[in-house]
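Encoded as structure tokens, the structure appears first; notes follow it.
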Ligand SMILES: Nc1ncnc2c1ncn2[C@@H]1O[C@H](COP(=O)(O)OP(=O)(O)O)[C@@H](O)[C@H]1O
Ligand SMILES: [Mg+2]
């Protein structure tokens with residue numbers, strides 16, 4: 001089963017008097033349980049693609065289905081709901097709420113959902129912090145954590161709602177290579193253990209070996225597709 | 001819970017800005033509270049110094065009376081006579097929201113100089129002394145002599161009138177047997193007590209042909225307890241003497257009086273004759289001596305004539321009360337109209353309303369300025385946190401969640417700093433009267449709410465302050481809230 005189906009997706013940005021064609025017709029199926037890497041040079045359209053799949057940006061034309069739902073026609077409210085329940089995000093930086101501790105950051109989406117009791121929320125969040133190896137840092141604020149530790153907390157938060165899909169736009173770009181690889185290994189483990197679909201973008205060919213599948217993007221088009 | 005925790009920690013994290021916004025809220029709330037206190041104190045002061053000392057809440061005048069300003073009108077402007085008083089008073093008193101009513105006479109009179117000299121001018125109130133004292137308890141302090149007894153004719157002079165008469169006429173007046181020179185105008189105290197007069201000859205100053213001059217005994221001197229420099233121009237006399245001076249005679253009285261030798265006096269002493277004579281002073285020789293006539297407030301035809309009826313209300317404001325009385329007069333076809341007190345005292349009322357308006361305007365301005373500064377600071381704070389807010393939105397926070405978060409932050413600040421401001425303002429209002437800040441200036445006395453600066457906060461005023469504070473904060477946070485809620489995840493990502 002495909003968790004994401006993309007048909008003829010284009011994205012244009014108006015820029016002054018001209019138009020930037022960030023995506024020029026993407027067709028793509030992503031099966032459930034994938035650990036897929038989107039690779040391409042800077043400016044090739046990786047971020048744009050991930051944003052549209054992640055329901056934080058809208059397509060210019062084409063169709064995008066996330067878990068059977070056509071997302072190009074949804075309202076802001078419905079997109080927000082989809083992000084909260086079905087999608088996890090890991091950004092390059094600015095991942096965490098600065099005033100919340102590591103544990104509270106992991107709890108955050110569950111509290112937004114408001115379905116589990118406080119005790120259950122805490123228990124589940126602790127489990128994920130344990131899984132990313134940071135239970136002993138649960139009280140630390142983001143500012144008191146290293147870059148790698150912050151990304152681990154972000155992974156725990158992305159997974160705590162049991163989403164169908166986790167998107168990570170260049171998650172290792174701000175980390176040294178050793179830490180970056182440990183983050184990718186963690187994603188690998190989570191993908192294997194939980195079957196969660198991961199899509200991460202990178203411009204670093206070094207990290208490709210962590211992906212189960214790879215697509216190359218260049219100038220808004222997929223290569224070899 | 002999550003929102004309050006986030007809000008509290010955000011405030012703490014950005015404590016510099018929190019203190020700035022909080023400081024504005026604090027100062028705003030403090031000034032707002034104090035300003036409201038001054039307005040309330042002033043209102044109560046006006047109530048005491050004007051409504052409860054001189055005018056009542058509503059003043060009823062004849063429907064022929066054109067000028068609203070019946071009390072402090074320019075010289076020579078006559079207040080129209082008010083007829084059919086028993087019907088009017090009956091209709092007014094039967095209203096549940098009317099507490100009491102009191103008819104009075106009021107007009108300008110001339111005090112004649114009995115030897116060579118200029119005459120003086122005097123506002124004269126014709127009253128039933130017993131009823132007037134009951135209507136305005138404690139309003140007038142007798143310092144020498146006494147009020148005339150019922151049925152007795154006499155004049156009660158406040159210090160202001162005495163001073164003015166001395167300036168125009170060069171004469172001073174005290175009741176017979178009163179020798180305290182301190183009761184004389186300051187400039188007159190060095191004069192011999194022998195020059196002090198115990199009687200005054202008053203002459204009506206109206207368009208009526210039947211005004212007459214009358215020799216009056218000075219019964220008492222004293223002062224109005226409030227706003228004496230203003231009310232002190234008004235001398236009080238028994239209503240019968242007043243009517244005689246004004247020439248307000250009932251049909252049946254007229255017949256009697258005209259047959260007496262007063263006919264003679266009146267014929268020669270009306271104003272036209274006086275002016276034709278080329279002087280006022282030499283006409284004093286033929287005055288009559290006042291003798292009180294027992295009032296006979298009987299049937300319609302013989303209703304005595306007044307000028308005004310003062311009305312005290314309960315549980316109804318002056319403006320609305322006057323409007324209700326007006327419609328009452330209309331339905332009963334009564335020849336009267338009602339004025340709220342502030343219209344009846346002319347420039348005094350306008351000034352009071354003006355000062356009150358200015359104070360409220362000041363509070364309103366404060367409101368707007370504080371609101372703008374707060375809105376600006378909050379909007380800046382929202383913009384600074386774009387990435388953080390956008391990230392929360394990406395993770396699944398709704399626009400409403402972000403709006404609530406901003407609201408929670410401002411509410412906390414408002415409760416904390418604004419609350420302290422209101423409470424401190426209330427303390428300041430409570431303490432100020434004990435500082436004994438005094439003024440002899442009548443205008444300031446109106447603002448001060450009395451001779452001592454006396455702002456006032458009743459429980460409902462305090463509630464109002466909190467309400468106004470809440471309103472400022474709510475209005476000021478609308479724009480920042482909407483700004484924060486419109487931040488999208490993309491705004492956060494674009495900043496990376
Ligand atoms: N908001 C935008 N406005 C205008 N052009 C944009 C905007 N975002 C991206 N682009 C352009 O779209 C193209 C793809 O950008 P992006 O998806 O960020 O590439 P990548 O993530 O691979 O570096 C680039 O040429 C970029 O300049
Ligand atoms: Mg990018």
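The table below lists the values:
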read-out	value
Residue A:6 vs. criteria more than 16 Å from ligand 1 (Cβ to nearest atom), part of a strand (DSSP E or B) and in contact (Cβ under 8 Å) with a residue 12 or more places away in the chain	no
Matching strands (runs of 3 or more DSSP E) fully within region B:151-249 where at least 3 residues are within 17 Å of residue B:112 (Cβ to Cβ) and modelled with pLDDT of 85 or more	B:199-204, B:213-224
Subset tally (residues that are within 12 Å of chain B (Cβ to nearest Cβ), surrounded by 21 or more Cβ atoms within 10 Å (Cβ to Cβ) and under 20 Å from the mean Cα position of the chain (by Cα)) for region A:93-109	9
Scope region A:168-182; condition away from ligand 2 (no atom under 16 Å from the Cβ) and assigned to a loop (DSSP other than H, G, I, E, B); matching residues	A:176
Test result for residue B:433, buried (at least 20 other Cβ atoms within 10 Å of the Cβ) and part of a helix (DSSP H, G or I)	no
Qualifying positions in region A:27-77 - away from ligand 2 (no atom under 14 Å from the Cβ), assigned to a strand (DSSP E or B) and under 19 Å from the mean Cα position of the chain (by Cα)	A:28, A:29, A:30, A:31, A:35, A:36, A:64, A:65, A:66, A:69, A:70
Helices (runs of 4 or more DSSP H) contained entirely in region B:1-98, each with at least 1 residues that are closer than 30 Å to residue B:412 by Cα and in contact with a helix residue (DSSP H, G or I) (Cβ under 8 Å, 6 or more places away or on another chain)	B:2-13, B:15-46
Residue count, region A:80-91 (criterion: surrounded by 19 or more Cβ atoms within 10 Å (Cβ to Cβ) and either more than 19 Å from residue A:169 (Cα to Cα) or at the interface with chain B (Cβ under 9 Å from one of its Cβ atoms) (or both))	8
Lone qualifier among A:19, A:72, A:58, A:10 - being surrounded by fewer than 20 Cβ atoms within 10 Å (Cβ to Cβ), touching a strand residue (DSSP E or B) at 6+ places or on another chain (Cβ under 9 Å) and modelled with pLDDT of 95 or more	A:10
Among (1) in contact with a helix residue (DSSP H, G or I) (Cβ under 6 Å, 6 or more places away or on another chain); (2) assigned to a helix (DSSP H, G or I); (3) closer than 30 Å to residue B:348 by Cβ; (4) at pLDDT below 85, the one test that residue B:450 misses	(2)
Complete set of residues in region A:124-160 that are under 11 Å from residue A:107 (Cβ atoms), assigned to a loop (DSSP other than H, G, I, E, B) and within 14 Å of another protein chain (Cβ to nearest Cβ)	A:160
Of the criteria (1) more than 14 Å from every other protein chain (Cβ to nearest Cβ); (2) surrounded by fewer than 16 Cβ atoms within 10 Å (Cβ to Cβ), which one residue B:486 fails	(1)
Boolean, residue B:29 is surrounded by 24 or more Cβ atoms within 10 Å (Cβ to Cβ), out of contact with any strand residue (DSSP E or B) (no Cβ under 6 Å at 6 or more places or on another chain) and more than 24 Å from residue B:451 (Cα to Cα)	yes
Flag if residue A:121 is over 23 Å from residue A:199 (Cβ atoms) and more than 9 Å from chain B (Cβ to nearest Cβ)	yes
Lone qualifier among A:138, A:170 - being under 20 Å from residue B:395 (Cα atoms), within 16 Å of ligand 1 (Cβ to nearest atom) and in contact with a helix residue (DSSP H, G or I) (Cβ under 9 Å, 6 or more places away or on another chain)	A:170
Those residues of region A:9-32 which are near ligand 1 (Cβ under 10 Å from one of its atoms), in contact with a helix residue (DSSP H, G or I) (Cβ under 8 Å, 6 or more places away or on another chain) and away from chain B (no Cβ under 14 Å), in sequence order	A:23
Condition check for residue A:185: away from ligand 2 (no atom under 16 Å from the Cβ), within 14 Å of chain B (Cβ to nearest Cβ) and assigned to a helix (DSSP H, G or I)	no
Residue match in region A:33-46 (condition: away from ligand 1 (no atom under 16 Å from the Cβ) and surrounded by fewer than 20 Cβ atoms within 10 Å (Cβ to Cβ))	yes
Selection status of residue B:443, over 30 Å from residue A:50 (Cα atoms), surrounded by 15 or more Cβ atoms within 10 Å (Cβ to Cβ), more than 16 Å from ligand 2 (Cβ to nearest atom) and within 31 Å of the chain's Cα centre (by Cα)	yes
Odd one out for residue B:134, checked against (1) part of a helix (DSSP H, G or I); (2) touching a helix residue (DSSP H, G or I) at 6+ places or on another chain (Cβ under 9 Å)	(2)
Matching option when the condition is closer than 23 Å to residue A:36 by Cβ and buried (at least 21 other Cβ atoms within 10 Å of the Cβ), among A:189, A:172	A:172
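Conditions tested, residue by residue: (1) farther than 30 Å from residue A:143 by Cβ; (2) within 14 Å of chain A (Cβ to nearest Cβ); (3) at pLDDT below 90.
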| site | (1), (2), (3) |
| --- | --- |
| B:386 | no, yes, no |
| B:400 | no, yes, no |
| B:429 | yes, no, no |
| B:435 | yes, no, yes |
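The values are calculated or read from the model by the stated rules, or taken from the named source; none is laboratory data. Predicted, not measured: the structure shown is a model, and the values here were computed from it. Cβ sites come from the backbone with ideal geometry, for glycine too, and all protein chains shown count toward neighbours.
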